[in-house]
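Engineer: To start, I am sharing the structure in question, which I have written as structure tokens.
The values are calculated or read from the model by the stated rules, or taken from the named source; none is laboratory data. Since this is a predicted model, take the numbers as computed values, not measurements. Counting neighbours? That spans all protein chains shown, and the Cβs are built from the backbone with ideal geometry, glycine included.
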Amino acid sequence: MGQPRFTTEEFENAISGLITLASDESSVRARFDDETFDKITNLLACVGRPEWSLRPRTYALLRMINRPDYMHQFVHHGLRDIHLPYDNLRLPSFLDDASRHMFMEKQSSVLTKANALELENGRHRHFDSSADCHFLILGTLGRGKFGVVDHVQSKLSINRFARKRIYRARSAIRDKEATKSFENELENLKRLRHHHLVTYIGSYTDPHYVGILTIPVADCDLQRFLQQNPFPINNASLLRQFFGCLCSAVQYLHLNKCRHKDIKPGNILVKNGQVYLTDFGTARDWSDRTKATTVGPSGPYTPRFAAPEVVNWEPRNETADIWSLGCVYLDMLVREVDTLSHFVLRVQRLIAVRPLSRARL
């Protein structure tokens, strides 16, 4: 059944009960709750504004300053609620001076309270000040093209998370590229649940960064695990288990119409003897499409683990993930064989030093 339709008059009557146009001091400090944004989303969809319905916070804010006509511009420029909050430099130039002033004045009304970040409802949160004040930063776990992954502890729950934090660049082009990667990863993490994938906890935007919280906080990635020298002999049995674990994770992705596109040891986490696939910034979700195959220029990839069709910009699908997984398996196999070779060599040397008689055998 399709979405019920509202007339313009019905929409105006319904929306007026949710959003006040008053500009007194109390309305500046008031904050909308999540339920209100859900209702705004539904109302916009019912009145035939699907693109607007994806931006309920932006619409509420523009409605409060009596300039909902600017919604067309926000849609045209690809600006979504994830871009909130704005500062004076990031605020779109198409807003007139009076609207800019009122937008900044009312913006806090559509942002999030501090204690909402860890609520288990999967919502993206918007803070009017640095999210760092809610965390203790315990260390850096890694660095990527757009940002840093660090180890943080919540001051509210004392729980520990891996936090991927991406800087909101002043450059519109770079900011758009980083935000696209962030949104892609966010949507994939929200819909995917498997015991060998990292688990999404929450996400947020603050004045300078966008961030994603996940668990577990890894001991290391598979690349560092394999680089241990000497490689602990006890880890060889763990390594053998990793083959099946990674296979089940990739199978799950493909059954759920998701292609990872960057499987490599650096994107596989190791925690307490378990492995977890991570980094879905370039992953492709084809759940709303009939075919998994893509053509044209390949996006970012790691040459050493990329399938030939990816490198050559040929038509490609989920089999490219299988090639990448095979390359990871090869790295694991080389390490395991090397470890076993060293073990056999040690046994041979021991026998050479202390020859065993047939009777002792």
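Engineer: Quick check on segment 192-221: of everything there that is in contact (Cβ under 8 Å) with a residue 24 or more places away in the chain and hydroxyl-bearing (Ser, Thr, Tyr), which residue is farthest from residue 257 (Cα to Cα)?
Structural biologist: Taking the candidates together, the pick is 209.
Engineer: Something else about it: Scan the strands (runs of 3 or more DSSP E) fully inside segment 207-317 and keep the ones with 3 or more residues being out of contact with any Lys or Arg (no Cβ under 7 Å at 6 or more places or on another chain) and not hydroxyl-bearing (Ser, Thr, Tyr). Outline the logic, then answer.
Structural biologist: On the way: elements: 209-215, 268-271, 274-277.
Per the criteria, 268-271, 274-277.
Engineer: Could you tell me whether segment 249-259 includes any residue that is within 14 Å of residue 332 (Cα to Cα), in contact with a Ser or Thr (Cβ under 9 Å, 6 or more places away or on another chain) and either surrounded by fewer than 21 Cβ atoms within 10 Å (Cβ to Cβ) or not assigned by TED's automatic domain parsing to the domain that holds residue 132 (or both)?
Structural biologist: The first filter runs over segment 249-259 and keeps only residues within 14 Å of residue 332 (Cα to Cα), leaving none.
No, the conditions are met nowhere in segment 249-259.
Engineer: Across segment 147-162, which residue is modelled with the lowest pLDDT among those that are more than 19 Å from the chain's Cα centre (by Cα) and aliphatic (A, V, I, L, M)?
Structural biologist: It comes out as 156.
Engineer: Identify the single condition in (1) without any contact (Cβ under 8 Å) to a residue 40 or more places away in the chain; (2) more than 19 Å from the chain's Cα centre (by Cα) that residue 257 does not satisfy, given that it satisfies every other one.
Structural biologist: Failing condition for residue 257: (2).
Engineer: Can you confirm whether residue 336 is among the acidic types (Asp, Glu), in the same structural domain as residue 277 (by TED's automatic domain parsing) and at pLDDT below 90? Steps first, answer last, please.
Structural biologist: Values: among the acidic types (Asp, Glu): yes; in the same structural domain as residue 277 (by TED's automatic domain parsing): yes; at pLDDT below 90: yes.
Considered against the rule, which asks whether it is among the acidic types (Asp, Glu), in the same structural domain as residue 277 (by TED's automatic domain parsing) and at pLDDT below 90, residue 336 comes out as yes.
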